[in-house]
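First comes the structure, then the notes that go with it.
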Amino acid sequence: SSGINAEWPLRPGITKQTTLTQLVVQYSVVLFARMNFFLLSLLLLVPLVRGDGYDKLLRFPKTPSLENYVLMRPDFSEARDAISVCTWAKITIDSGLPWFSYATTVSANTLLLKAKAHNILQTTSSSSRFHFDDNVLLKEEWYHLCFTWSPGVMDFYINSILVATSTSAPAGQMILGGTLVIGQEQDSQGGAFDINDLFGGDLYQINVFKKKLTGTEVGGMFFNGRCAEVERSLLYEIVLSWDDILESGEQHGEVAVEEAGCNKWGVVEEFSNLVVDYLNRRRS
């Protein structure tokens, strides 16, 4: 009893019994907080077990090779009137760095997105190219890249900054029935790659949306950070997701799936430590 009073002095109106109860309650809360790591982990267990792409990236080797690419035949029918394509990218080589090449029988450059030099779009109406040569990406650094288009207007953002825009972009609609290659530039549908024009580095969270994203929406993706998931309001706008690419894309050559450094368990542990620190400060 005296030991309790020495560490937890009685205040007016508080009895010894009340003080002991407070001690039990407060230490129980701290103990519960230390258990929240396991409780929150259970809440996140389902997405972790299902093997989604949250902590997975695609790594393209530094050594140039025409064999390194991912191939898909996506259905962009829902995105024929507007489209946006965003990704996180880290480059490791000097090249044209094509990271998204969508080719059709009409044009090998139906939609060509690069981390260097220019982007190209061909619709049912016409084609357009815009340049961003003055924007140099450093090696081994993560960048958020985002292309957006609706008839007559297309924009390209790097780290939420609008680096290229066109108010004379093609009208018409997206051309359907094409082949998507990630990591190489198609000079004809499904192939004709160029050893001097390929991607080397890491790609993470490529998502294709069926709308022209606003500058605010693009900025939200960047400022939320690389490991943030897509905002709930945009989930229903996705026509080709990162999970789709990892699960259905044909990986060729030495393209590898690696950890992205976005482990959910680490997020839970960090939150657990913050809660415990907060309760300790309140108790003191």
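The values are calculated or read from the model by the stated rules, or taken from the named source; none is laboratory data. Since the structure is predicted, the reported quantities are computational estimates derived from the model, not experimental observations. Using ideal geometry, Cβ is built from the backbone for each residue, glycine included, and neighbour counts are taken over all protein chains shown. In case anyone asks, the SASA skips ligands and DNA or RNA and just uses the protein heavy atoms, side chains included. Shrake-Rupley method; radii C 1.70, N 1.55, O 1.52, S 1.80 Å.
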Legend entry - residue 48 vs. criteria modelled with pLDDT under 60 and either of a type in the set (Phe, Trp, Tyr) or farther than 30 Å from residue 114 by Cβ (or both): yes
Legend entry - Candidate set: the range 230-253, residues that are open to solvent by 40 Å² or more (accessible area, probe 1.4 Å) and small (Gly, Ala, Ser); chosen: the one nearest to residue 81 (Cα to Cα): 233
Legend entry - the range 145-203, subset among the polar types (S, T, N, Q) and touching a Leu at 6+ places or on another chain (Cβ under 6 Å), residue surrounded by the most Cβ atoms within 10 Å (Cβ to Cβ): 184
Inset, instruction - Among the numbered conditions (1) farther than 25 Å from residue 62 by Cα; (2) at pLDDT below 90; (3) touching a strand residue (DSSP E or B) at 6+ places or on another chain (Cβ under 6 Å), tell me where residue 168 comes up short. - result: (3)
Inset, instruction - Only residues that are under 12 Å from residue 84 (Cβ atoms) and either open to solvent by less than 30 Å² (accessible area, probe 1.4 Å) or without any contact (Cβ under 8 Å) to a residue 24 or more places away in the chain (or both): list them for the range 215-229, please. - result: 217, 218
Legend entry - Close pairs from the range 75-88: first more than 19 Å from residue 215 (Cβ to Cβ), partner basic (Lys, Arg) and open to solvent by less than 20 Å² (accessible area, probe 1.4 Å), Cβ under 8 Å, at least 6 apart: none
Legend entry - Checking residue 73 against (1) modelled with pLDDT of 95 or more; (2) loosely packed, with under 15 Cβ neighbours inside 10 Å; (3) closer than 17 Å to residue 172 by Cβ, the condition it does not meet: (3)
Inset, instruction - Collect the residues in the range 81-103 that are within 16 Å of residue 179 (Cα to Cα) and either open to solvent by 10 Å² or more (accessible area, probe 1.4 Å) or among the aromatic types (Phe, Trp, Tyr) (or both), keeping them in residue-number order. - result: 99, 100, 102
Legend entry - Subset of the range 109-137 [open to solvent by 50 Å² or more (accessible area, probe 1.4 Å), in contact (Cβ under 8 Å) with a residue 40 or more places away in the chain and either in a strand (DSSP E or B) or under 27 Å from residue 225 (Cβ atoms) (or both)]: 127
